[in-house]
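One structure is given here, and the rest of the page talks about it.
The values are calculated or read from the model by the stated rules, or taken from the named source; none is laboratory data. Because the structure is predicted, anything quoted here is derived from the model rather than measured. Cβ: placed from backbone, ideal geometry, glycine included. Neighbour counts: every protein chain shown. Please note that ligands, DNA and RNA were not included when accessible areas were found on the heavy atoms of the full protein model with its side chains. Shrake-Rupley method; radii C 1.70, N 1.55, O 1.52, S 1.80 Å.
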Amino acid sequence: MTTPADALIEHELNPWLSAEARFNEAAERLEMDEGLQKVLRTPSREITVYIPVVLDDGRIEVFTGYRVQHSIARGPAKGGIRFAPDVTLDEVRALASWMTWKCAVANIPFGGGKGGVICDPHVLSMTELERLTRRYTADIIEFLGPEKDVPAPDMNTNEQVMAWMMDTYSMHMRHTMTAVVTGKPLDLGGSRGRPEATGRGCLFVTLEALKRMGLKPEDTSVVVQGFGNVGGMAAKLMARREFKIISIIEWDGAVYNAKGIDVEALMAHRKQTGSIVDFPGAENIDREQALYLKCDVLLPAAKENVITSKTAPHLNCKILCEGANGPTTPIADKVLADKGIFVIPDILANAGGVTVSYFEWVQDRQGYFWNEDLVNTRLEEIMVNSFQDVVKYSDTHRVHNRIAAYMLALDRVAFAIKLRGLYA
Ligand code: NAD
């Protein structure tokens, strides 16, 4: 039986309601026209497809797939495709709108989109996954294209899935079009620096926050939750800049060393043993205790809804750099503001990934590939400018950084819509 307390928690953790709450506050503060709010709230297009696939044993299964294009006002829709058993249209819709706001904060010429297929990729063979990916791509093909909608990997999809999508699209077009998806293998039009991009972006915005607070990297302690692509890369790059990574938290345990963990040695340990725990260069600690450690920077980079009305009161950091998407609930935002924590919100902090995806799309269309230094320099420029733009909105409108980021994004998308006018 669902109790009123359960219902309240469910309400707090609903991603669509979280996105809505931030949107509403930002639109209200901008005194945005109601009609324009309706346009910005509503996705441009939602596509549902039923994907028949012949399984390896000869049976036919039908999977449900979605692609939501939230906005194409500033450019082609951009956003990942996830394969998971619990994908819902509501979730894909919320994530698509997040992509619109993220691309607008980074000021890159994309709208927002997201896709998902309801399936359990862990029980499908590689050949079944390939057939599913190709049929899904074929079923939404008229909505895809370098000028229309450019997917990327997300939960349970990877470079190989992107290669299959690119190939399927190209076979239908009768010529190779690498710019239709990003996150491809390097040999098929992928970009240098993409695997590190999100973590590197977190590093750049954290460095900006430190300057603002008069802190130096060598005097800065960091706790990282999630030692995967984003958290692992961020921790490694921060350690190379002399940040002290005092704790890393994973799903099966946490490790702590007040003097700083040797991140690359921890990566080697995990590769060898399959876990971060029992690392000789640190002590094992309780995961919850690790999240509440006194530190300068807390970097959640695992999953959504980690910082809630329950956990936020116990945080002990000065800066919260949101590597993950949606790690903080709107109720927790208020607690963080009361505690004076400087939040670098997800739509700014983890925008490095989509920024280098944009570079990949640009390079594919140019047919000219950049070296990694150029990718990183241009990434730094965009992350620093985006940080400054958000902070300027925060100072001018006297709001905390998350609402400032939403206000900046809404303003940019609304401006594009006004310039274009409504086609009737
Ligand atoms: P990943 O799967 O590579 O890494 C996630 C890590 O978190 C894994 O090591 C996993 O074991 C760990 N983890 C899972 N549950 C945990 C828990 N309860 N406590 C501690 N650790 C836990 O995924 P990723 O690509 O690094 O993505 C992480 C987050 O960043 C997600 O929210 C994702 O949407 C967001 N993000 C990723 C990118 C990107 O480029 N990869 C870009 C933008 C946002």
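Overview of values
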quantity: C-alpha center-to-center spacing [the stretch 212-278, the stretch 346-420] in angstrom; calculated: 26
quantity: Semi-axis lengths (Å, descending) of the ellipsoid that matches the C-alpha gyration tensor of the stretch 301-376; calculated: 35, 12, 8
quantity: For peptides 161-171, 63-73, 82-92, 280-290, sequence by mean Cβ density within 10 Å, most packed first; calculated: 63-73, 161-171, 82-92, 280-290
quantity: Magnitude of the charge dipole, the chain, Cβ model with Lys/Arg +1 and Asp/Glu -1, debye to 20; calculated: 1020
quantity: Quarter of the Cα convex hull surface for the stretch 42-148, i.e. its orientation-mean projected area (nm²); calculated: 6.7
quantity: Contour excess over end-to-end distance, with Cα ends at Glu46 and Ile417 and 0.36 nm allotted per residue; calculated: 131.6 nm
quantity: Nearest-10 value in Å² for the accessible area of His11, using the 1.4 Å probe; calculated: 110
quantity: Computed Kirkwood radius, in angstrom, where 1/r is averaged over Cα pairs of the stretch 285-424; calculated: 17.0
quantity: Highest-first arrangement of 118-127, 38-47, where packing means the average Cβ count within 10 Å; calculated: 38-47, 118-127
quantity: Structure-based [θ]222 nm, the chain - -39500 (n - 2.57) summed over DSSP H runs of at least 4, per residue, nearest 500; calculated: -15000 deg cm²/dmol
quantity: Karplus-derived 3J(HN,Hα), 6.51/-1.76/1.60, for each residue of the stretch 253-261, Hz, glycine and proline x; calculated: x, 9, 10, 9, 8, 4, 8, x, 8
quantity: Å² of accessible area per residue within the stretch 43-177, as computed with a 1.4 Å probe and no ligands counted; calculated: 39
quantity: Magnitude of the charge dipole, the stretch 197-349, Cβ model with Lys/Arg +1 and Asp/Glu -1, debye to 20; calculated: 320
quantity: Qualifying GluC sites (Glu not before Pro) for the stretch 94-183 [loop in DSSP, other Cβ within 10 Å: at most 16]; calculated: Glu147
quantity: Listed peptides 321-328, 298-305 by packing density, highest first (mean Cβ within 10 Å); calculated: 321-328, 298-305
quantity: Label-to-label distance, nm, for residues given as Ile60 and Met173 (7 Å Cα→Cβ offset); calculated: 3.1
quantity: Qualifying trypsin sites (Lys or Arg not before Pro) for the stretch 376-424 [loop in DSSP, other Cβ within 10 Å: at most 14]; calculated: Arg398
quantity: Inverse of mean 1/r across different Cα pairs in the chain, Kirkwood, Å; calculated: 22.1
quantity: Accessible surface ranking that places the most exposed of Asp252, Asp219, Asp346 first, with a 1.4 angstrom probe; calculated: Asp219, Asp252, Asp346
quantity: Surface share of carbon and sulfur [accessible, 1.4 angstrom probe, percent] for the chain; calculated: 51
quantity: Percentage of interatomic Cα-Cα distances in the stretch 218-326 larger than 20 Å; calculated: 29
